[in-house]
Each structure stands twice: as structure tokens, then as C-alpha cells.
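Encoded as C-alpha cells, the structure appears first; notes follow it.
The values are calculated or read from the model by the stated rules, or taken from the named source; none is laboratory data. Remember, predicted model here, so these are calculated numbers, not experimental data. No Cβ is skipped: glycine too gets one built from the backbone with ideal geometry, and neighbour counts run over all protein chains shown.
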């Protein structure tokens, strides 16, 4: 029944469009019949946002972007900041289920913890959108980076830079429990399987911590001064990796590939300074816009939460010396907050 | 006749020596001058923090807020410079905030008589929360061009020795001088050994306790500046990490009893060396993260068990506050 309704709407819309452009009615205004229900579907709705923590470029950027897009339509926002605490996050999601917001935007700390809760939320009639780090449960929408692709493209960059050199590389992972880290590692392995000549001299977890990344990299570089490349898992952590490379006087000789949200200070400026050779950006403002679009679509569709599911993997922007200077490769958090 | 007994300090030193020997023989590239410097460089910040903690622990206290002092004032320096203030002005602000922070800690513990564990737990949260809510725009405060030149505090070398090691050495000398050569240092030992006796003998124990926490906070801030300079940013989220346990570990493992009045700079150096050797060796061997934690746990447990066998605690020496 419903499908029927939707399919008749399309020709109706087309008709309305031709009618609008038709010369006969040019003098008279014509009410567009869909904008009112759209506005009504959004006004007064609550969007709950559960990031793993606020105060870093990704989560601040998503929040600012969502607000900018949705607040003008009368959408209300609530934040439940888990502040790096998985338990606090699970509690926040649990209490949100009883508060019944219209939409939950969830940033998972790992694959399992929230999975059951998110399923329950959708059963209770809340749309769940997962951002960047998904759970084992596929909800109405996943918006985010394809970590396996990130791992593959970073490693391809490193392998290419290693051609004709020592073929020794190091991997600086994030936190072992994080899905983002494990998926990226899978991508790295995919490429390394095709390149048996590459030797991984070190593959260690630095816990997303710049100081630990620096310590590991220093030791690795002392043991292998002929290292030709490093695959790092996050630009916020790889500042430390880059500092170790710079101190060893190997900037430009060791190819450092990393990934991040593309914030200007954390990405473009560090690529420009030579700290990173490749930074794959999952462009946070675009992700925020995609999420906002999905929320608009879901709320106005009237679809039952959990009945339709889809993914929007982010198109990555590789930031290198060539485009680090451009206005569009990176974004400024201060602009997004305006 | 006095029976020969090992102190914890000697045991830890023996463990360190053994580890060092094993690594030197079996691990290619461990015993090189370069690697030794890297080893020290990697634990320099931990060592500096250990010194701060040592001063407080010798005075029979504990300072859980040390990581907040490490993260927030240096983070503020980076943030202020990013916002266009001059470097000297930003540094001055940070130092003043650090001193104020130490004074609050000291006042709570010495005058309001709140146990140091709870007082510093609360003030640390307060300062870190203040940083997160008010002072910083982002968790990781990035380096900006106004800071150029300042990174020499944590990068590069002085006479061939990495700067952070030199900074650790300087901090060691300053703290050793304070503890062993000044009257204040002697007072800290006296208060740690027996606070009531110290007060009866006329030692100004309350001001000295305040002084301990101010110095600890200042050393913490210094460690933070070295760290920020060395990684070209200040990851203020370090407050949420387990770094404070590593610091306590360095101090206790080195042989500074939590019951106060014992130990010194040498103990901190030994504790730092042991941790540094373990971390370095395991990184060279490319042991997995889980494996590293397991090994760390086992080695530390062994050291502590051996100590409790050789030096059993008894009613006479046990004091309230022993952990």
C-alpha cells in the first residue's frame, strides 16, 4: 500500500514541476504540497548525539555541522558525552531509549557494546544513525569512513614510496579494542598480502596517544634507520610519530601515511610542514551534511525505524603536498561553529 | 649481628640489571649508545613526573592531580599562543595557575586536613574539567607558529644528548638538592617519617606540606612543557590515561615507601630505568600490546612479592596509609 503511495508521488511531483514552469500559471503562486509536511515532520523533534567524547575535531565538527543544518527547522539537540568511558556511553544510550528522541546519532567505541542497545532503540521507534565507527548491528543508516579502504590506500601509498628502497615498514596502530583500528589493520594486511617483498619490522598499538607513538617510532627508527615508510592510524596520534621521524632527521626519507578528519591544523598544516606525506581525510563537514540529509529524509519519510537500512561510506580526500594549500582540502572548526 | 637484607631498591636494581643483561646478550641492537639514549628519552617525562610524586610521597602524601598539572597549564600555553598571545605572557599565566593549583592542593591537605588522596583526586578532576570546558577548544592543542623555538625544550640534542634527558637530569639535580641540601628537604623527610613528632619539634609542618604540593605541581607543569615540546602538541586527554599509575609505579617500585620518610631521587631513577628497559626491549622484540601488559604485570608482581618475602611488614613498622 505504502509503496504504491510513494510511486504515485513521483509523477505527481513531476507534474507539479511542469505546472510551475508552465507559462499559464506564471502570474499566480502555487503551493508546493510537500514542504509543509516536511517542516512538520522536523519541527520539535529531538536528535540525541552520543559521541565517544566531545572536544576533539571529529565529534565537535559533526555536532556543529548537524546543528547548522537542522536547528533552523526547529530540531532540538541533546548531547550525551561519554568522555572516553564505554560504560557511561552505554548508560547514556539506555536512558535515551526511555527518553525517546526521534533520532539517535551514535559514535561507537567498539563493535559490540552498543549493538544490542541500538537494536532495542530502533524497535522502540527511534531512528539510529551510526557515525564513523559502526557496531555489529546495522541500523537505519551508517555514515562514515571505510576503514578497510583507508588501510589499503595508506599502505598502497607507503608501498609505492618504498619502491627501490629497503622495503621495511612500521605500523602504528590505535587502540586494540577499537573497530576503526582493527578494520584499518585488515586493509593494511590486504595490501601487504599482494606485496611479499615488504617487511613489517614493527606493528604496535600506541593507544591513540601521541607520546606513545613517538616512543615506539623512536625505538623502531634506531633499530631500522633505513625504514622507508610508516602506516599510522590517526593523525592526532601520528603527530608523535612525525616528531620522532623529524628528530631522527629522516623527514622526507620515511613516508608517513595517516588518516583523520581533515581539520586544518591537524591535517593540512602538518602535511604542508612535511610531517605527514599522506593524510586520508574523511572530511567531517561532508559527513555531517550527509547525516543531516539522512535525518531529514528519515523523519519526512515516515518509514518505520529499522525497516530500511543503508550505508553512506565517505568519499576520502587524500591530502598531500599538492592540495594541502587549497581552501577546500581542509576545514576550520571555527568556521563550522559560526 | 645484623642479618643481611635486600631492600626493595636493591631488588628492583637487580631485576633491572638482569633484564638489561638479558636484553644486551639476546637482543640485537639493544646495547648501542643510540638505543640507550632512546630508552632514556622515552621515559624522561615519566621520570620527571616521578620526581614530583616522590617529593609528595616522601612527605607522606600522594598527588593524583599531577597529570592535570601536566596537561592543563602547558595546554593553556599552546592555546593562548594559538589565540595570539605572546609566549612569555602565556608561560607566565600557566606558571601562576600552576602555583595557585598547588596552593589549593596544599591548603586542602595541610589546613583543611582532607586526606591527600581525596583532595588531589577532586582538584585534579576540577582542573582537567576546567581545561576541557573553558580553556581548550579541542582535546589535542596543536602547536602554532608563535611557539617556534620552544620545541627545543623537548626535541633535538644538547652536546649529543637528547634534550628531554638533559631536562630529566636537571630536574633530578634540582630535586636532589632540595631534598638533601636544604632545610626544607630535611623537614619533608621529618614530616613524612612522623608528622606529629615533626610538629612537636617546631617544624612548620603545614607550610611545608603546602610547599610540597606547589613544587610537585610546578614539576608536573615542567614535565608537560617538555612533553608538549617533544610531540609538538598537547594531548590534554592524557588526563584520562593510566599515566598516573605508571608514575606511582615508578616511585613505589624504585623503593620509596608510601608510608613516607624514605627514599630519594636515586629510587626514582632506578624505577624509571626499569620501566624504560622493559618498554624498550619489548618494542624492539615487537611484542603485542596484550603481551606487553602481561609481561609488565608479571615483572612488577615478582618485584613486589620478592620484597614482601624478604622484608615482611610487621605491626611495628606498618603505618596507616600503607598500600
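Here are the numbers for the structure shown:
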| item | result |
| --- | --- |
| Residue check for residue A:278: more than 13 Å from every other protein chain (Cβ to nearest Cβ), surrounded by fewer than 21 Cβ atoms within 10 Å (Cβ to Cβ) and in contact with a helix residue (DSSP H, G or I) (Cβ under 7 Å, 6 or more places away or on another chain) | no |
| In the range A:294-308, residue farthest from the chain's Cα centre (by Cα) [restricted to those that are surrounded by 14 or more Cβ atoms within 10 Å (Cβ to Cβ) and assigned to a loop (DSSP other than H, G, I, E, B)] | A:303 |
| Residues located in the range B:111-141, provided they are surrounded by 24 or more Cβ atoms within 10 Å (Cβ to Cβ) and away from chain A (no Cβ under 14 Å) | B:116, B:119, B:120, B:123, B:127 |
| Complete set of residues in the range A:324-338 that are outside any helix (DSSP H, G or I) and touching a helix residue (DSSP H, G or I) at 6+ places or on another chain (Cβ under 7 Å) | A:324, A:325, A:329, A:330, A:331 |
| Verdict on residue A:283 being closer than 21 Å to residue A:132 by Cα and within 14 Å of chain B (Cβ to nearest Cβ) | no |
| Residues satisfying the stated conditions in the range B:57-73, i.e. part of a helix (DSSP H, G or I) and under 18 Å from residue B:125 (Cβ atoms) | B:66, B:67, B:68, B:69, B:70, B:71, B:72, B:73 |
| The listed residue being surrounded by 24 or more Cβ atoms within 10 Å (Cβ to Cβ) and in contact with a helix residue (DSSP H, G or I) (Cβ under 6 Å, 6 or more places away or on another chain), out of B:81, B:77 | B:77 |
| Residue among B:130, B:117 that alone is part of a helix (DSSP H, G or I) and closer than 27 Å to residue A:240 by Cα | B:130 |
| Selected residue [more than 20 Å from residue A:313 (Cβ to Cβ) and within 18 Å of the chain's Cα centre (by Cα)] from A:112, A:173 | A:173 |
| Wholly within the range A:174-283, strands (runs of 3 or more DSSP E) carrying at least 3 residues that are more than 27 Å from residue B:236 (Cα to Cα) | A:199-205 |
| Residue A:321 in a loop (DSSP other than H, G, I, E, B), closer than 17 Å to residue A:154 by Cβ and away from chain B (no Cβ under 14 Å) | yes |
| Scan of the range B:14-23 for residues that are free of Cβ contacts under 8 Å to residues at least 60 places away in the same chain and either under 30 Å from residue B:186 (Cα atoms) or within 9 Å of another protein chain (Cβ to nearest Cβ) (or both), ordered by number | B:14 |
| Counted residues, the range B:161-188 - those being crowded, with 19+ Cβ neighbours inside 10 Å and within 18 Å of residue B:265 (Cβ to Cβ) | 11 |
| Selection within the range A:180-197 - crowded, with 19+ Cβ neighbours inside 10 Å and away from every other protein chain (no Cβ under 14 Å) | A:180, A:183, A:184, A:187, A:188, A:191, A:192 |
| Meets criteria (assigned to a loop (DSSP other than H, G, I, E, B), buried (at least 18 other Cβ atoms within 10 Å of the Cβ) and modelled with pLDDT of 90 or more) for residue A:109 | no |
| Lone unmet requirement of (1) crowded, with 20+ Cβ neighbours inside 10 Å; (2) over 24 Å from residue B:242 (Cα atoms) for residue B:89 | (1) |
| Matching residues, the range B:24-52, being over 20 Å from residue A:211 (Cβ atoms), crowded, with 20+ Cβ neighbours inside 10 Å and more than 10 Å from chain A (Cβ to nearest Cβ) | none |
